[in-house]
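No value in this document is a laboratory result; all are computed from the given coordinates. Because the structure is a prediction, the values reported are computed rather than measured. Because the Cβ atoms are built from the backbone with ideal geometry, glycine has one as well, and the counts that use them run over all protein chains shown.
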Amino acid sequence: MSEKDVLILAIESSCDETAASVVKNGRTILSNVISSQIELHKLYGGVVPEIASRKHIEKINQVIEEALCVAQVTLDDIDAIGVTYGPGLVGALLVGVAEAKAISYAKKIPLVGVHHIEGHVSANYIEHLELEPPFMCLIVSGGHTHLVIVKDYGEFEILGKTRDDAAGEAFDKVARAIGLGYPGGPKIDKLAKEGDPNAIVFPKAKLENAPYDFSFSGVKSAVLNHINKCRMQGEEICEADIAASFQKAVVDTLTEKAIKAAKEYKMNKLAIAGGVASNGALRQSLIEACEKEGIEFYYPSPIFCTDNAAMIGVAAYYEYQRGTRHGLDLNAVPNLKLGER
């Protein structure tokens, strides 16, 4: 490795994935190790915070050791440690933050706290080496739905966000209602392929004076009401049609607002980030809309859409280059806002 290479060890533990990664110069992933707890939480139909925290404690040292081993480096080669400190489940975040602080203190390596959503946005830099700010980004995950302008690395202007349920949350709740179980997003995506997206017209929320804000609790309630009505009237419930029609309502809303914002703000680059960014229907909708409008469309591979440490390492690298450093008083901030320091 050349003299100028910067190696970041990154840790991510905000929800139910314990992850570690070594990233070189912000764009090259030397290792990306993820220990998922999905099978465990399936039993409960969602993430149980206490169980998640305990699993992180069990796995975190192994995951870091494996990440260093795969990257063929030791802690002595690392220039800085990046760690997610918010938003997320407080107990889960604390495990990663405590681990990062311990390594930082023991090895005298700079500590860089990273915003989880900034990490999701940064996932786009991994496979698209040509992508640089400014660009429009639609962030869609289990806990967040944001439409932002990425003005520079680590610098965001929020145009809109959800007023209630995040898109991913709505997917999970609808999946549970039609008996698909957890995690809901991938299961609805799969079932929707067998259904007719035009079978049922579910509402799309129109928000006065906030063209780029989102609201998904209405469409979720409409799905629940439709299922209840069918049951009460003894009508057949076609799960595939419900999944396809619900997904269409959400995808159309996300696509329309993202394209409208890109055109209004004269952005010819649009990226997507977060767990729901791996949804096939959403990707296809945006690919077609961007092609029609002459907008370059960027999206990460599915492995970089779900929670992972590689994206945190990329974000940490750019924060490190900006001079961001955190002390040993760094704490977990479960509802950290995007753009907060």
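Computed about the Cα centre, the dipole magnitude for the stretch 22-180 is approximately 380 debye when only Lys and Arg (+1) and Asp and Glu (-1) carry charge, each at its Cβ.
From Cα pairs below 8 angstrom and at least 6 apart in sequence, can you work out the relative contact order of the chain, rounded to a whole percent?
Working: 751 pairs, mean separation 85.1, N = 341.
Normalised by residue count, the contact order of the chain is 25 percent.
Expressed as a fraction of 2.2 N^0.38 Å, the value expected for a compact globular protein of N residues, the C-alpha radius of gyration of the chain is 1.00. Between the stretch 205-270 and the stretch 277-341, the alpha-carbon centres lie 23 Å apart.
Can you figure out the FRET efficiency of N268 with A210, using R₀ = 30 Å and their beta-carbon distance, to the nearest 0.05?
Details: r = 25 Å, r/R0 = 0.82.
Taking R0 as 30 Å, the efficiency between N268 and A210 is 0.75.
Bridging of K24 to aspartates and glutamates at a Cα separation below 13 Å is possible for E3, D5, D77, D79, once same-chain residues fewer than 8 apart are set aside. Seen against the Cα atoms of the chain and their longest principal axis, helix 217-232 is set at about 40 degrees. This model, with +1 at the C-beta of Lys and Arg and -1 at the C-beta of Asp and Glu, gives the stretch 133-300 a dipole about its Cα centre of some 120 debye.
Farthest towards the positive end of the charge dipole of the chain, among the residues I29, Q233, P110, is the Cα of Q233, using unit charges on the Cβ of Lys, Arg, Asp and Glu.
Rounding to the nearest 20 debye, state how big the charge dipole of the chain is about its Cα centre with +1 on each Lys and Arg Cβ and -1 on each Asp and Glu Cβ. The partial results should precede the final answer.
Working: 35 positive and 45 negative charges, 109 e Å.
Here the size comes out at about 520 debye.
Under the simplified labelling scheme, the Q284-Y105 pair shows an inter-label distance of 5.3 nm, with each label point 7 Å from Cα along Cα→Cβ. The calculated FRET efficiency for the pair L43 and L131, based on their C-beta separation and a Förster distance of 45 Å, comes to about 0.70.
Between helix 239-264 and the chain there is an angle of about 60 degrees, using the helix long axis and the longest principal axis of the Cα atoms. Between K248, K292, K260, the GNM of the chain built on Cα springs shorter than 10 angstrom shows K292 fluctuating the most. Helical runs (DSSP H, four residues minimum) scored at -39500 (n - 2.57) apiece and divided by the length of the chain put the mean residue ellipticity at 222 nm at -14500 deg cm²/dmol.
Computed from backbone phi with θ = phi - 60° and the Karplus coefficients 6.51, -1.76 and 1.60, the 3J(HN,Hα) list for the stretch 18-32 is 9, 9, 9, 8, 10, 10, 9, 6, x, 10, 10, 8, 8, 7, 8 Hz; x is used for glycine and proline. In order along the stretch 124-137, the phi-based Karplus estimate (6.51 cos²θ - 1.76 cosθ + 1.60, θ = phi - 60°) of 3J(HN,Hα) comes to 5, 6, 5, 9, 10, 5, 7, 6, 9, x, x, 7, 8, 9 Hz; Gly and Pro are listed as x.
Could you give the C-alpha radius of gyration of the stretch 133-300 expressed as a fraction of 2.2 N^0.38 Å, taking N as the number of residues it contains? Each step should come with its number before you reach the end.
On the way: Rg = 16.0 Å, N = 168, 2.2 N^0.38 = 15.4 Å.
Cα Rg divided by the expected 2.2 N^0.38 Å: 1.04.
Close amide H pairs (under 5 Å, H built 1.01 Å from N) link R163 with F214, S215, F216, residues at least 5 positions away or on another chain.
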